[in-house]
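Notes to accompany the following structure.
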Amino acid sequence: MAQSLISRIKFPSGRQRAFLLQAQEKLLWTKRRVADFIGVHTRTLNDWENERLLMNFEAAKKLSKASHITLSDDVEIRDRYWYVHKGAKKGGYASIKKQGGRIGNPENQKHGWREWWEKIGKFRQPPQFHAKMIHKPRKSVQLAEFIGIMMGDGGMHKYQAVITLHHIDDREYIDFVSRRIQKLFRIKPALYHIPRSSVFNIVVSRAAMVTYLHSLGLPIGNKVKQQFDIPDWIKENKKFVIACVRGLVDTDGSVFTHSYKVKGKWYHYKKLSFTSYSEPLRFSVAKILADLGMSPRVTRKDVRLDSISDMEKYFSIIGSHNPKHLKRYAN
């Protein structure tokens, strides 16, 4: 269907651009992918972002549904002939009346806009940017394990918490993490498959959740640069400590088979490695394992359990919720 025959959506000034940029950020999509998804050329998308053209209503609905950004009540839906005949005339008369007959004078228009901005405009916040509240769970074993998961394969910036897991090896664990988020925060996370990177991103786009998790000790931004560590409220509770280490190892740990040959005979046994480039975190994990009766070995990038007895203790005391680790240990 020709572009001119499609209904348009009229956002208040500045909000069409804000809607498009926020949708791109939440979906983690490039501009080209957004354009392909809603069926327009990237030049058209640029014109919409710069608000040179009114946005296609059907495209706005499609993008709103995909990104879970609700279209505000103060948008206008205009039919395909909105720019002609009575609509234009009525709008002109209304504007002249509102401006006291000054509509034709650019300086008067600027003056009127400045008055509106100082009195009303700058105090308004677009509804799509209103912070949505979350359920704040009490400190618990489940929350401590989630903190470990976030410290392992998670990350946060101002508006989003993201957990990145392998799309095949961690497929069952992705379901576990998604259910844990829903149970703890009463939010259904978005899942984004990125085949070229072989990952799934589990995404929660709530500034309130980022603020809450930060208050519990999770860093915002580059974790390694900040040399993060397990929060004190977890270290002070043995059950919380065990759960947190489980979350850490389930995400940033690996179970592998060590093989060696003695006098022509092959021997095979399992080892465990937890990798982190944060030195405080490595030493905290090693101390926890030692306090639980194991003999961890710390290197410049990981913490290892090398003996059969330590592996038995680990899976007996700490265990795993990641089927990938359980299968590798059992096999």
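The values are calculated or read from the model by the stated rules, or taken from the named source; none is laboratory data. Computed from a predicted model, the values in this text were never measured in an experiment. Every residue, glycine among them, receives a Cβ derived from its backbone with ideal geometry; neighbour counts consider all protein chains shown.
Structure notes:
- As a summary of the residue check, Phe274 satisfies the conditions (1) part of a loop (DSSP other than H, G, I, E, B); (2) surrounded by 13 or more Cβ atoms within 10 Å (Cβ to Cβ) except for the one numbered (1).
- Scanning segment 234-248 for residues that are assigned to a helix (DSSP H, G or I) and among the charged types (D, E, K, R) gives Lys235, Lys238, Lys239, Arg246.
- Residues that are assigned to a loop (DSSP other than H, G, I, E, B), touching a Ser or Thr at 6+ places or on another chain (Cβ under 9 Å) and either within 30 Å of Arg138 (Cβ to Cβ) or modelled with pLDDT of 95 or more (or both) do occur in segment 180-194.
- In this structure, Lys313 does not satisfy being surrounded by fewer than 19 Cβ atoms within 10 Å (Cβ to Cβ) and touching a residue at least 24 places away in the same chain (Cβ under 8 Å).
- Pick from segment 49-81, criterion among the aliphatic types (A, V, I, L, M) and over 26 Å from the mean Cα position of the chain (by Cα), ranking: nearest to Gln22 (Cα to Cα): Met55
- Residue list for segment 212-224, filter: surrounded by 15 or more Cβ atoms within 10 Å (Cβ to Cβ) and not in a loop (DSSP other than H, G, I, E, B): Tyr212, Leu213
- Screening Met150 against (1) assigned to a helix (DSSP H, G or I); (2) surrounded by fewer than 17 Cβ atoms within 10 Å (Cβ to Cβ) leaves a single unmet condition, (2).
- Between Thr257, Thr251, the distinction of being polar (S, T, N, Q), surrounded by fewer than 18 Cβ atoms within 10 Å (Cβ to Cβ) and either part of a loop (DSSP other than H, G, I, E, B) or in the same structural domain as Phe146 (by TED's automatic domain parsing) (or both) belongs to Thr257 only.
- Residue count for segment 60-82, restricted to those that are at pLDDT below 55 and either touching a Leu at 6+ places or on another chain (Cβ under 7 Å) or within 22 Å of Trp113 (Cβ to Cβ) (or both): 1.
- Residues (of a type in the set (D, E, K, R) and farther than 14 Å from Ser13 by Cα) located in segment 48-75: Glu58, Lys61, Lys62, Lys65, Asp73
Residue-by-condition table, conditions (1) part of a helix (DSSP H, G or I); (2) more than 29 Å from Met156 (Cβ to Cβ); (3) assigned by TED's automatic domain parsing to the domain that holds Ala207; (4) of a type in the set (Phe, Trp, Tyr):
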position: Lys26; (1), (2), (3), (4): yes, no, no, no
position: Val34; (1), (2), (3), (4): yes, no, no, no
position: Val40; (1), (2), (3), (4): no, yes, no, no
position: Thr44; (1), (2), (3), (4): yes, yes, no, no
position: Leu53; (1), (2), (3), (4): no, yes, no, no
position: Glu58; (1), (2), (3), (4): yes, yes, no, no
position: Lys61; (1), (2), (3), (4): yes, yes, no, no
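- The one condition in (1) surrounded by 14 or more Cβ atoms within 10 Å (Cβ to Cβ); (2) part of a loop (DSSP other than H, G, I, E, B); (3) out of contact with any Pro (no Cβ under 6 Å at 6 or more places or on another chain); (4) not charged (D, E, K, R) that Phe228 fails to fulfil: (3)
- Filtered by the rule that a residue be surrounded by 15 or more Cβ atoms within 10 Å (Cβ to Cβ) and of a type in the set (S, T, N, Q), segment 22-41 gives Gln22, Gln24.
- Odd one out for Ala286, checked against (1) aliphatic (A, V, I, L, M); (2) within 30 Å of the chain's Cα centre (by Cα); (3) more than 16 Å from Asp229 (Cα to Cα): (3)
- Scanning segment 144-167 for residues that are of a type in the set (Phe, Trp, Tyr) and under 9 Å from the mean Cα position of the chain (by Cα) yields a total of 1.
- Scoring Arg328 on the criteria (1) of a type in the set (D, E, K, R); (2) surrounded by 15 or more Cβ atoms within 10 Å (Cβ to Cβ); (3) closer than 27 Å to Arg171 by Cα; (4) at pLDDT 95 or above leaves a single failure, condition (4).
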